[in-house]
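Novice: My questions all concern the structure below.
Readers should treat all values here as calculations from the given coordinates under stated rules, not as data from a laboratory. Small disclaimer: the values here were computed from a predicted structure and weren't measured. Neighbour counts are summed over all protein chains in view; Cβ atoms, including those assigned to glycine, are modelled from backbone coordinates with ideal geometry.
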Amino acid sequence: MTKLACIDLFCGAGGLTHGLISEGVPVVAGIDVDPACRHPFETNNGARFIEEDVSRLMPAVLKDLFGDADVRILAGCAPCQPFSTYAQRYDTVGSPRWALLYEFARLVKAVRPDLVTMENVPTVEKHAVYDDFVTALGRYGYRVWHGVVDCSDYGLPQRRRRMVLLASRIGPIELMERTHEQSQTVREAIGKLPPIPAGGTLPSDPLHTASKLSKLNLQRIRESRPGGTWRDWPKRLIAECHRRDSGRTYPGVYGRMVWDEPAPTLTTQFYGFGNGRFGHPEQDRAISLREGAILQGFPEDYSFFPDGAPIHFKSLGRMIGNAVPVTLGRIIGRSILRHLAVVPETKMVDETARSVAERERNAKREPLVA
Ligand SMILES: C[S@@+](CC[C@H](N)C(=O)[O-])C[C@H]1O[C@@H](n2cnc3c(N)ncnc32)[C@H](O)[C@@H]1O
């Protein structure tokens, strides 16, 4: 039997990892600088969490973690913020976070995993660091597939366009075609959750907690209709900045979700009514942290903090909003397994995929060094 092992760099709360293990791709460890990720990552996935800055990570650590696996998979969904549309307005180029893809490439070069995968915002493509990353993978002998997908095409109840990259030293690889003709909806995902008020928490599930609303925002959400904007409100409720001509073109905040559509793209601040179209379709509040997690594909009982620990909206919102949707993680996992099954040599009984990869590379005389 071919033994697989995956390491998840920038693992966060484990969205990608959970998708991979749900499909049968074993994740042995996750690495992240944020200590708050340890609990959700380890508790829900049974994998080891290593608190470490990827830019300081030694290749030997990864080699040890991979152990004697035949197929070694390195995943690395580096922070999206330096590449987001919002960041385009600021000079993030060259910042330490922007350069983390170079660190990922450094580790790929030193460790030579059989498969590599990453996910990021679609605008990552506009950045030289991404170009350099893809070029380096080619130089190291990988066949690379990358493309922008909308996660709602794969059953996520959320519109979320993301760049996905898959690279293999074994042979050509690609992400599976869309699996859902019809999008999953907000109602299907969170319609059955017990109602809670703004500022309220469900005692049996402390993550089903909604942020408080000011008196003014409570009036505003009462006047908001699903799919609408602040333009629907009486004039007295409209914020000063939106009344100005420059604000009139920015209707993307203070909306309610629509029951029978996928949710809009969740951000790290989805729990705030004023931060986007994150109002609950009919209750007068923003969606709860649990609702956000479910809309990101996490199971309803995914544990994000130890029992009795205080709730920090900012930290939890960041972990949930930044996650690779579990649904997309599953599709990546399935694509990897399909790839390993269809590459004819990996079916051979007495050979490991490693030696197969070696043979294939020799046959093609692809250069091994950068
Ligand atoms: C896009 S999120 C990853 C989401 C995760 N893959 C998931 O599916 O839940 C990026 C993560 O990178 C982490 N991070 C940022 N800088 C880092 C660094 N220098 N080393 C390790 N992790 C870092 C952040 O704490 C964050 O959890």
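Novice: Are there any GluC sites (Glu not before Pro) in segment 165-197 that are in a DSSP loop and have at most 13 other Cβ atoms within 10 Å? List them by number. Display every interim value, and only then the final one.
Specialist: Numbers: sites: Glu174, Glu177, Glu181, Glu188; in loops: Glu174, Glu177, Glu181.
Here the GluC sites (Glu not before Pro) that fit, given the DSSP loop and packing criteria, are Glu177, Glu181.
Novice: Equivalent-ellipsoid semi-axes (√(5λ), Cα gyration tensor) for segment 186-322, whole Å, largest first?
Specialist: Details: eigenvalues 138, 43, 38 Å².
Values for segment 186-322, descending: 26, 15, 14 Å.
Novice: Taking amide H positions as placed 1.01 Å from N in the peptide plane, with prolines and chain starts having none, which residues 5 or more places from Phe49, or on another chain, fall under 5 Å of its amide H?
Specialist: Answer set, sorted by chain and number: Gly30.
Novice: What pairs in Lys215/Lys314; Lys192/Lys212; Lys212/Lys235 have C-alpha atoms more than 30 Å from each other? Mind showing how you got there, number by number?
Specialist: Working: Lys215/Lys314 22 Å; Lys192/Lys212 22 Å; Lys212/Lys235 23 Å.
Violating the 30 Å limit, Cα to Cα: no pairs.
Novice: Still on this model: Return the loop-located GluC sites (Glu not before Pro) in segment 4-86 (DSSP other than H, G, I, E, B) with at most 15 other Cβ atoms within 10 Å of their own Cβ; answer none if there are none.
Specialist: On the way: sites: Glu23, Glu42, Glu51, Glu52; in loops: Glu52.
Sites meeting the loop and neighbour criteria: Glu52.
Novice: For His208, what residues show an amide H to amide H distance below 5 Å, using hydrogens built from the backbone and excluding near sequence neighbours?
Specialist: Close amide H contacts, sequence-distant or interchain: Leu202, Arg290.
Novice: Report the Cα centroid-to-centroid distance between segment 48-79 and segment 281-321 in angstrom, as an integer.
Specialist: First find each Cα centre; the distance between them is then 28 Å.
Novice: Filter the trypsin sites (Lys or Arg not before Pro) in segment 15-67 to those in DSSP coil with at most 15 other Cβ atoms within 10 Å of their Cβ, and list the result. Numbers along the way, then the final one.
Specialist: Details: sites: Arg38, Arg48, Arg56, Lys63; in loops: none.
The qualifying sites: there are none.
Novice: Going by a ≥ b ≥ c, the root eigenvalues of the Cα gyration tensor, does segment 175-238 fall in the rounded group (a/c under 1.5), the prolate group (a/b larger than b/c) or the oblate group?
Specialist: Numbers: a/c = 3.16, a/b = 1.35, b/c = 2.34.
Note, shape of segment 175-238 comes out oblate.
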